[in-house]
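Peer 1: Please see the structure below; I have some questions.
The values are calculated or read from the model by the stated rules, or taken from the named source; none is laboratory data. None of the values given here were measured: they were computed from a predicted structure. All Cβ positions, glycine included, derive from the backbone under ideal geometry; neighbour counts span all protein chains shown. Please note that ligands, DNA and RNA were not included when accessible areas were found on the heavy atoms of the full protein model with its side chains. Shrake-Rupley method; radii C 1.70, N 1.55, O 1.52, S 1.80 Å.
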Amino acid sequence: MKKRVFGFAALLVLFAVGCNGGRTGGSESTLHLALIPSTDPGKIVRESQPLVNYLEKETGSRVELVVPTNYAAVVEAIANDRVDIAYLGGFTFAQASRRAGVRPLVQRERDRDFHSVFITQPRSGINSLADLKGHTFAFGDVNSTSGHLMPAYYMRAASVDPGVLTKALYTGGHDATALAVANGKVDAGAMDELVFANMMKSGKITADQVKVFYTTPAFFDYVWAARKGLDPKLSEGFAAAFLKLDASNPEGKVLLDLLNATKYMRAEDSSYDKLRQAAREEGLLQ
């Protein structure tokens, strides 16, 4: 099968020509998907082809998937009907739902109990949020839930020195934050707990380079969401494909492992009300 997974250049093309999900001239509909670049976009592109193949088989639609270089581009795409379904973080979902009424579809079970981890070098002397005063700090993308919004929210709640927040570096991604800390470019940073665990497991960072010194309380995070005007048959077929995944089935197990999931569940808009309130308190959402 010819690959239909694209990067940022293809996203620009979609922006230019618009989205025609479910409205193609032939018998085959097309679903345009976009994913936020929670890690390196190229890596996401390479690893997404098995998912694209599975979704095409289950939905009967041609699937085109893009991964831009920042979170805001995905919000713009789904808010302007340039993609049909997007994989969003909790905060980008809140933005897109406010702007364009996007509808949550499915999410991993673990996305209902997600955390950010705060990391530093083992010999930095930083062992708590209070110890951050006078140190450099990194967030990921400004629109990231676990890489910015919720860490900043809990930092303010703990009365962390405001200078740490105002002077913080934005690396653009969770993996970049981890490497910035590991390589000593910043003293500490906050990131997605799963990206941290995967980087430790793969050896991209090690216990000699980084340690976790704080973990946030749980919050709702990642979710697949559909644009408001998408044909319900297409969105339901997409959701059903994820809900069908079963770890007891060999194919399902491979995909679930790829997606860092054990199972998928229906997502509800109201689950993000607390996150919306945190965003308002941070001045990030009206």
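Peer 1: When the chain is fully extended, how far beyond the present Cα-Cα distance does ALA157 get from LYS201, taking 0.36 nm per residue of separation?
Peer 2: Contour length minus the Cα-Cα distance gives 12.7 nm.
Peer 1: Would you list ARG62, ARG276, ARG110 from the most to the least accessible area, probe 1.4 Å?
Peer 2: Highest to lowest solvent-accessible surface, that is ARG110, ARG62, ARG276.
Peer 1: Nearest 500 deg cm²/dmol is fine: what mean residue ellipticity at 222 nm does the chain get from its DSSP H runs of n ≥ 4 alone, each adding -39,500 (n - 2.57), divided by its residue count?
Peer 2: -11500 deg cm²/dmol
Peer 1: Let me ask something else. Convert 25 °C to kelvin, take the viscosity as 0.890 mPa s, use the Kirkwood radius over C-alpha pairs of segment 158-202 as Rh, and evaluate the Stokes-Einstein diffusion coefficient in µm²/s, rounded to a whole number.
Peer 2: 215
Peer 1: Note the full-extension length gain between LYS167 and ARG123 as 0.36 nm times their separation in residues minus their Cα-Cα distance, in nm to one decimal.
Peer 2: Stretched fully, the LYS167-ARG123 segment lengthens by 13.6 nm.
Peer 1: If one computes the Cα centroid of segment 100-139 and of segment 150-186, what distance in Å separates the two points?
Peer 2: The distance from the Cα centre of segment 100-139 to that of segment 150-186 comes to 9 Å.
Peer 1: In addition: Taking 0.36 nm per residue of separation and subtracting the Cα-Cα distance, what length does fully extending LYS274 through ARG46 add?
Peer 2: Between LYS274 and ARG46, full extension yields 78.7 nm more.
Peer 1: Right, here's the next one. Classify segment 65-197: rounded, prolate or oblate, from the alpha-carbon gyration tensor (a ≥ b ≥ c, eigenvalue square roots; a/c under 1.5 rounded; otherwise prolate if a/b is larger than b/c)?
Peer 2: Since a/c reaches 1.5 and a/b is larger than b/c, the shape of segment 65-197 is classed as prolate.
Peer 1: Let me ask another. Per residue, how much accessible area does the chain have with a 1.4 Å probe, in Å²?
Peer 2: 43
Peer 1: About its Cα centre, how strong a charge dipole does segment 129-192 have in debye, to the nearest 20, once Lys and Arg get +1 and Asp and Glu get -1 at the Cβ?
Peer 2: 180
Peer 1: Got a sec? What order do ARG123, ARG280 fall in by accessible area at 1.4 Å, biggest, i.e. largest, first?
Peer 2: Largest accessible area first, the residues go ARG123, ARG280.
Peer 1: Viscosity 1.306 mPa s, temperature 10 °C: what is the translational diffusion coefficient of the chain from Stokes-Einstein with a Kirkwood Rh over Cα pairs, rounded to a whole number of µm²/s?
Peer 2: Translational diffusion coefficient: 82 µm²/s.
Peer 1: Relative contact order, percent, of segment 158-207 when contacts are C-alpha pairs under 8 Å separated by at least 6 residues?
Peer 2: 29
Peer 1: Run the accessible area of segment 105-202 with a 1.4 Å probe and give the carbon-and-sulfur part as a rounded percent.
Peer 2: 49
Peer 1: So what is the orientation-averaged projected area of segment 155-286, using the convex hull of its C-alpha atoms, in nm²?
Peer 2: Seen from a random direction, the Cα hull of segment 155-286 projects 11.0 nm² on average.
Peer 1: Show me the three semi-axes of the equivalent ellipsoid for segment 231-276, from the C-alpha gyration tensor (sqrt of 5 times each eigenvalue), largest first, rounded to whole Å.
Peer 2: Here the semi-axes work out to 23, 16, 7 Å.
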